[in-house]
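> I am attaching a structure below and will ask some questions about it afterwards.
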Amino acid sequence: MSEHIDKKLLDDDIIYRFEYLSKFLNFTENDIATLNAFEKIIQPVIPSAVDGIYQKLLNNDVTKQYFLKQNYGFEGIMTTEATQVTVKSDQMIFRINSMRKYLLRVLRQRIWNDAFLNYLSNVGKMHTNMTGASSINVDYVHINALFGHLEHILIDAVLSSDELDGEAKKATILALNKLFWIQNDFFAMHYIIASKNGN
């Protein structure tokens, strides 16, 4: 007999949605423990990796435009001339630090409870136009590309690590893959809602 999945709860309840995704992807406590262990290995690499990600975003005018707008919570000196924005600009340092904190948090999180799942959901929601003044309004194509690039960086770090044996590398790559599919879904969910609302 088929298991019943409540579509309304799937759309409206972030915990129910996560439980569905976890079961479907076989994302378990072992995956979380694997991510926690990997965080200790990747931590020294994160600053330069994130710098590289933002440099890549600045290399394209279509993604650079998002950094010329005032970001919610940013109180530094705003560079508004596209040719003057670099990874050393105040608004870029603000974004870079935010991504570093995000990566460390998702990798070291031990209990994926309501508060953490809502955090993952809100990270997605703020990139749409659904959070009022704190909205960033980034087109989804750039989010998808960024996740793909970020996952590639982390998988490369796994494969290059001397601290992980073959089994640990396999487990870490699988755990990272599941993490990114879950986080990407929490982004896509809000983009779909915004689209349905005509935004």
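The values are calculated or read from the model by the stated rules, or taken from the named source; none is laboratory data. Being a predicted model, the structure only gives us computed values, none of them experimental. In this analysis, Cβ positions are derived from the backbone assuming ideal geometry, glycine residues included, and neighbour counts consider all displayed protein chains. SASA here: full protein model, heavy atoms, side chains in, ligands and nucleic acids out. Shrake-Rupley method; radii C 1.70, N 1.55, O 1.52, S 1.80 Å.
> Take residue 168 and residue 139, extend 7 Å from each Cα along the Cα→Cβ direction, and tell me the distance between the two endpoints in nm.
Result: 4.2 nm between the two label points.
> Between residue 56 and residue 2, how high is the FRET efficiency from 1/(1 + (r/R0)^6) when r is the Cβ-Cβ distance and R₀ = 35 Å? Nearest 0.05. Write down the numbers at each step before the final one.
Values: r = 44 Å, r/R0 = 1.25.
Efficiency, rounded to the nearest 0.05: 0.20.
> Run the paramagnetic zone check for residue 161: 7 angstrom along Cα to Cβ, then residues of the range 42-74 with backbone nitrogen under 17 Å.
42-50
> Which whole-number percent is the relative contact order of the chain (Cα, under 8 Å, 6+ apart)?
Values: 167 pairs, mean separation 53.6, N = 199.
Dividing the mean separation by the residue count of the chain yields 27 percent.
> Grab the other residues whose beta carbon is less than 13 angstrom from that of residue 144, score K and R as +1, D and E as -1, and report the net.
Spelling it out: positives minus negatives among the neighbours equals -3.
> Helix-only estimate, please: 222 nm mean residue ellipticity of the chain, summing -39500 (n - 2.57) across DSSP H runs of length 4 or more and dividing by its residues, to the nearest 500.
-22000 deg cm²/dmol
> Let me ask something else about it. So which of 8/64; 101/178; 56/125; 64/178 end up more than 26 Å apart by C-alpha?
Beyond 26 Å: 8/64; 64/178.
> Where is the GNM fluctuation largest for the chain (alpha-carbon springs, 10 angstrom cutoff): 124, 148, 166?
166
> Can you compute the FRET efficiency between residue 43 and residue 115 using 1/(1 + (r/R0)^6), with r the Cβ-Cβ distance and R0 = 25 Å? Round to the nearest 0.05.
Efficiency, from the Cβ-Cβ distance: 0.65.
> Let me ask something else about it. Go ahead and set up a Gaussian network model of the chain, Cα springs under 10 Å, then flag whichever of 90, 13, 185 fluctuates most.
13
> Using a 10 angstrom cutoff on alpha carbons, build the Gaussian network for the chain and name the most mobile of 41, 53, 111.
111
> Sticking with this one: Count the net charge of all other residues whose Cβ sits under 11 Å from the Cβ of residue 104, scoring Lys and Arg as +1 and Asp and Glu as -1. If you can, show how the numbers build up before the last one.
Working: positive: 40, 100, 101, 105, 108; negative: 39.
Overall, the nearby charge balance is +4.
> Right, next: Pull up the cross-link candidates among the aspartates and glutamates for residue 170, meaning alpha carbon to alpha carbon under 15 Å and not fewer than 8 places away within one chain.
Partners found: 31, 151, 156, 162.
> Top to bottom by accessible area (1.4 Å), largest first, where do 61, 114, 11 land?
Result of the area sort, largest leading: 61, 114, 11.
> Be a star and scan the range 142-182 for residues whose amide nitrogen sits under 19 Å from the point 7 Å along the Cα-to-Cβ vector of residue 74.
Flagged as within label range: 142-143, 146.
> On to the next question. Give the label of the value calculated from the structure for Rg/Rh (Cα atoms, Kirkwood Rh), choosing from (i) 0.95; (ii) 1.05; (iii) 0.98.
So the structure-derived entry is (iii).
> Still on this structure, I have one more. Put 192, 136 in order of accessible area, largest first, 1.4 Å probe: what do you get?
192, 136
> Let me ask something else about it. Where in the chain are the DSSP H helices whose alpha-carbon span along the long axis reaches 15 Å or more and whose Kyte-Doolittle mean is at least 0.5?
Counting only whole DSSP H runs, the qualifying helices are 14-25, 46-58, 140-160.
> If you rank 163, 3 by how much accessible surface each has, with a 1.4 Å probe, what is the order from largest down?
From most accessible down to least: 163, 3.
> Follow-up question, since we're still on this one. Kindly report, to the nearest 10 Å², the accessible surface of residue 156 as traced by a 1.4 Å probe over protein heavy atoms only.
Looks like 80 Å² after rounding.
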